[in-house]
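Below: one structure, written as structure tokens.
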Amino acid sequence: MKEQTTRAMWWRSPSFILDNRQQAQPYDTARGGALSIPPPPSTAMADPNPNPNPLTDKISAYYQTRAAHHGVVSSDWLAQAQAAVGHIPDVDDDAANSDQGAPPGEPFSVIDEFNNWRKQPDLAEAVAAIRALAAVIRNSQATTMMELEIELKKASDSLKSWDTTSISLTAGCDLFMRYVTRTSALEYEDFNSAKTRLIERAEKFGEISYKARKIIAMLSQDFIFDGCTILVHGFSRVVLEVLKMAAQNKKLFRVFCTEGRPDRTGLRLSNELAKLDVPVKLLIDSAVAYSMDEVDMVFVGADGVVESGGIINMMGTYQIALVAHSMNKPVYVAAESYKFARLYPLDQKDMGPALRPIEFGVPIPLKVEVETSARDYTPPQYLTLLFTDLGVLTPSVVSDELIQLYL
Amino acid sequence: MDARRGSLPVPRVRQVGFFTPNAQPAPTRSQSGPPDSSSPPLSDSPASNSLSPVMIPPPRHHSDNLAAAPRPTSPLPVPEPSPFRRRGADNNNALLVGSYNPAETLLAMSPSSSHVGDGESEETMSGGWFRRSNSGKLASSLPSGTFDFSPVQSTAEALKPNKVQNPVGISVLNNTILAEVSARPAPKEQQPEAPSSSKQPKPKLTKAERRALQESQRAAKAAAKAVAAPEEVATIKSVKQHQTQKKDAPQVAVSVAASERKGGDKSQEKERRKDAPAPRMQFDDKSRVEKAKRRSVVDQTEAKKRVELFRHLPQYEHGTQLADLESKFLQLDPMHPAIYKVGLQYLAGDISGGNARCIAMLQAFQQVVKDYSTPPEKTLPRDLTAKISSYVSFFTQCRPLSMSMGNAIRFLKNRIAKLSPSLSESESKSSICTDIDRFINEKIVLADRVIVQHASSKVKDGDVLLVYGSSCVVEMVLLHSHELGKQFRVIVVDSRPKLEGKALLRRLVAKGVHCTYTHINAVSYVMHEVTKVFLGASSVLSNGTVYSRVGTACVAMVAHAFRVPVIICCEAYKFHERVQLDSICSNELGDPDAIGKVPGRMDVNYLNDVSNSGNLQLLNLMYDATPADYVSMIVTDYGMIPPTSVPVIVREYRRDHLLI
């Protein structure tokens, strides 16, 4: 009965309907594809990927995942929604298990591996991708280095095309390829030891990426002083980690959380902070300028850090940075280094669009257009510092790091 | 990306570009520009942090600067216009050398004038506000101390530290520097052993720190001691020859103290000196100009009336040299005909544009190398280098070299010097020729192709692109984007007197690109419909300053004001490690009459009879410097980079440029 009501209420939500519509199809195709013809591993990766986010309506899978993990539909639905969200993956898990709880000889799909990792809300998408790619190396049946590299390349390409809207996914895959394959050890050793070496490097990279959040939290502690007021926007796991550590260090500070429309991820953050006994105040997104004079610093996460040193982040970050800049408040960005992407947007429209549905609560007339972009670009001149696992960087160092890494 | 820096409990703020990490304030610090004015002054003393070794001022300022107390750090680490120009207040006396009155308006145009207000408020804070009434504007509109109205003295003094340096260091200075130095009339302070006595090497200094320390100590020494020893020049010279001959062998210590002081740093020091740009000729130094004239091949009459502020730049009566040089053709026996031809083409303006000039020069050199045979009792590397140097000075007399050409010459000389002595003459020659070919191919042709790929990815359907003047890379970008079938419109902005845009316009229209043509006067009018600005560059300097055709800065600033992204297309071989804050210190003067006359308009003749009048000076500048703030992106063969990353490219790839 409980199940029934949950379902019923959940279904009422337009976002769920949309989610469902998008997810049902790909999962079906994925399952169908996996069941009908188990293709040899290499072609499985070359396949047009089994779970493309529907490119037709360009809804960003990245933001779908985020909403599923961190979004809040509304306070009284929260528990039920989580139950529902928790339930659906369970079904999928079962399905996945029945599908490919197969012996290890069965075809290995990087996408499935990635999706398995991705279900952990704590694990960033890029780290999931990195783990999945490491698994590719481990499960590979290639016998030469070249073969393995091609296989890895294909896997990373299929991952990247799985969700073209996710910057960190693309950047993480690229960085992984760079980090893993750029070792001189590969040249002289025999294949097996080279492969072990690759796996070692891959795991190390995964480990580093996993620990990045802790490092960032440690680095940023010195910037949070007693009695300060911090404005945060949306839900960022890194920012949460930073604030958590600050609270554990007995720092006295209060936090202003924006609401983070449309998936209201800010509410989630305020919940988490309230659990830590940090004084929190919720603001609607449009109250940022109103409360900026009380704020001592702005803390935001990032979906991607681009070559100019600017960030791409959830919609609203740009305007917060503008307001903060005009009021001379520092804007700090907490971002792991695997989010450094080789992109250089010149302005807001100079990016691949990432769209997501927005509910307004009331029906919107058909003639009215709705801006559904999920993210914006904040140019580097509005950012003060970036906290990354490479250290505390000024925006201009990002390009330095990228040049050293890619050229 | 591994955690190269490990886990860091202490946050460190890293900045790109020039800065000496944790450098202690040295007495010689009077001038510094932050590499990126938007980077926050978080560290204790930003001014000292961003000091570039290139910009260590002449010692004459150092007493002023000791007086300047360290400033308190701004409490808010928020990007703001850099307050670093305030030191000017303390330097007023030094700045008032020379005449600045006639160029008051020009000064106001200089990029730093945007910080006037800021500079004033900072002065108030420092308690020096009372000075503002007389010279505050001047002080704040000049980058403090860097702008030197008596360039002669300053170069002479700036040279001193180099000279005072131990002989080992100087041994690698290239011929031109040495020639100039030894040609200097005044006896120099010489102090070969000096650094060894005072140097207390600290264990964990970084290279930059060590360098800053050295320079400051050297400067202090030079100011304190004045031991005239002209003979030592000769000594050094002989030492130098001695040293260069066994370049590859480990350095024999000239002075034991020096060698143990320097240790492993020596070779680095050596390379650094080699890379350091030669001091440029200052054309308001009469004695030196005389000397240069005696040596020169081209007999040029210097222009009589020159704008006071630009006296340090060469300016000749146009039209006189060409005929003169042509008549001399048969007398100039040491000059290779290919060199001669290219030189004449430079002079006549038949070859223009950075890439074209550079390629023409390199091909002429290639021809020279092909026809070269080593004279008896000489070695190829040394003799050929000397020959090329003489050709370069010929080119310089025809038209001042561009920075890209300087880089190419550096590359060529480096290749010649690195030739293996075991190679036979023909092998060496063919190796040099292939090197030149590779340079042209990899650094110019392929680089252009990569730039075109990158830049055209930024051209979207429906774009309105504004271009200024005529840059071959930008033209290639436009044509390539057009070939890709992108729908865009081009606004070609042009300016007198060269009107290079017309040629570009013609080529674009011929390919079917939708174009609009206008003059720079209307740039603010057309800018509102523009979506992107594409500009070429003659050179990009380490602080991100773009050195380009005059008018570029104006276009970039207007675009910035309209929030239109400015994209600079420039090959990486044109990057230069020099820093320039204005377009006065280094520039090129064109024919002054060109701006007074309007071709084809007989009725615009107002200047015909006035041009001989004593109180009229015409100024036709060729280049200007666009500050990095107005540049959104630089497209180069290494990809798309922000202007703050230019020093990274210069630092990481300079070896590449020299070695390919």
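Annotations
- If you plug the beta carbon distance of B:HIS519 and A:ARG197 into 1/(1 + (r/R0)^6) with R0 = 60 Å, you get a FRET efficiency near 0.45.
- Neighbour counts of other Cβ atoms within 10 Å put A:CYS228, B:CYS554, B:CYS358 in the fewest-to-most order A:CYS228, B:CYS554, B:CYS358.
- Simple spin-label estimate for B:LEU446 and B:LYS341 in nanometres, 7 Å along Cα-Cβ: 2.8
- Fraction of antiparallel bridges per DSSP, the range A:214-406 only, in percent to nearest 5: 35
- Less than 5 angstrom separates the built amide H of B:ASP463 from those of B:ARG489, all sequence-distant by 5 or more or on a different chain.
- Whole-number percent relative contact order across the range A:214-406, with pairs defined as alpha carbons under 8 Å at least 6 apart: 23
- Charge dipole (Cα centre; +1 on Lys/Arg Cβ, -1 on Asp/Glu Cβ; no other charges) of the range B:580-660 amounts to roughly 200 debye.
- Tail beyond 19 Å, pair distance distribution of the range A:251-395 (Cα, percent): 57
- The fewest-to-most ranking of B:LEU465, A:LEU169 by surrounding Cβ atoms within 10 Å reads B:LEU465, A:LEU169.
- Amide hydrogen neighbours beyond the local backbone of B:THR516, cut-off 5 Å, H modeled: B:VAL490, B:ILE491, B:VAL492
- Translational diffusion coefficient of the range B:407-492 (Stokes-Einstein, Kirkwood radius from Cα pairs, 25 °C, 0.890 mPa s): 158 µm²/s.
- Net charge of Cβ neighbours under 13 Å - reference B:ALA338; Lys, Arg +1; Asp, Glu -1: +2
- Placing a label point 7 Å from the Cα of A:LEU322 along the Cα-to-Cβ line, the residues of the range A:374-396 whose backbone N sits under 19 Å from it are A:374-384.
- R0 of 56 Å, Cβ-Cβ distance A:SER373-B:ASP593: FRET efficiency to nearest 0.05: 0.50
- Beyond 18 Å, the tail of the calculated P(r) for the range B:478-518 holds 24 percent of the Cα pairs.
- Inter-chain shielding of B:636-648 (mean C-beta neighbours from other protein chains, 10 Å cut-off): 6
- Cβ-derived FRET efficiency at R0 41 Å, A:TYR406 paired with A:ASN249, nearest 0.05: 0.65
- Measuring nothing but how far apart in sequence close Cα pairs (under 8 Å, 6+ apart) lie, relative to its length, the range B:435-518 scores a relative contact order of 28 percent.
- The fewest-to-most ranking of A:GLU307, B:GLU427, B:GLU290, A:GLU272 by surrounding Cβ atoms within 10 Å reads B:GLU290, B:GLU427, A:GLU272, A:GLU307.
We did not get these values from a lab; they are worked out from the coordinates using the rules stated. For clarity, every value in this text was computed on a predicted model and none was experimentally measured. Please note: Cβ atoms are built from the backbone with ideal geometry, for glycine as well, and neighbour counts cover all protein chains shown.
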